[in-house]
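Heads up: the structure comes next, in structure tokens.
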Amino acid sequence: MLFGLCGNALLGLSSPKATLVIPKVDDCISLFLGGNHKRREMENTTRAYYLTRGWLRYENNIWQEYQRSIQIYGLEKTRRLFGVMLKHYTHLMIIDTNAYNTDTFFDECRKIATALKLELQVIPGDLTILQKALLRKWDKDFAIISPGQEVTLRDMDSCKNLLSDGVSCKVS
């Protein structure tokens, strides 16, 4: 199982006997883009909702929520709701990790982008961190947490990132 910090879900996690090896990424988007720095570069120029084939096929995703909202609220109210929710987004980005052919679901993504009034774009992914995790080539991109220790923001290098964004960061 491979997780990034994922909304701080891993903070405080520990194992009494096993060493935890966690990629130092904020979430799976950063993992699929090759690291937090690439995600931040993207965010400096584009506000995007990201998709992969897996998220579209196997996750409770934005398109399923849109369809469910139509059933509950009707099309016009759903358009208004999603317009507010996605007000600051400009793009629907397909992350192309070369793990599959993006053409197989591009038309579906175009339909989603049109409905959500977002520009559709395919961007290259980078699975380097994922590959290093699987090959046990754990380097500076990974937090190594000893048995009995808890995951902290400092372990994930997140304090440095938060402080550079002007956010205070309490570290245990």
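For the reader, a short list of remarks on this structure follows.
- Within segment 107-135, restricting attention to residues that are surrounded by fewer than 14 Cβ atoms within 10 Å (Cβ to Cβ) and without any contact (Cβ under 8 Å) to a residue 24 or more places away in the chain, the residue that is nearest to M1 (Cα to Cα) is L134.
- Failed item in (1) closer than 16 Å to L118 by Cβ; (2) modelled with pLDDT under 95; (3) crowded, with 17+ Cβ neighbours inside 10 Å; (4) over 14 Å from the mean Cα position of the chain (by Cα), with L51 passing the rest: (4)
- Residue count, segment 57-106 (criterion: under 16 Å from L120 (Cα atoms) and among the basic types (K, R)): 1
- Test: residue in segment 76-89 that is under 16 Å from E119 (Cβ atoms), at pLDDT 95 or above and touching a strand residue (DSSP E or B) at 6+ places or on another chain (Cβ under 6 Å): yes
The values are calculated or read from the model by the stated rules, or taken from the named source; none is laboratory data. Everything numeric in this text was worked out from a predicted model, so none of it was measured. All Cβ positions, even for glycine, are placed from backbone atoms using ideal geometry, and neighbour counts span all protein chains on display.
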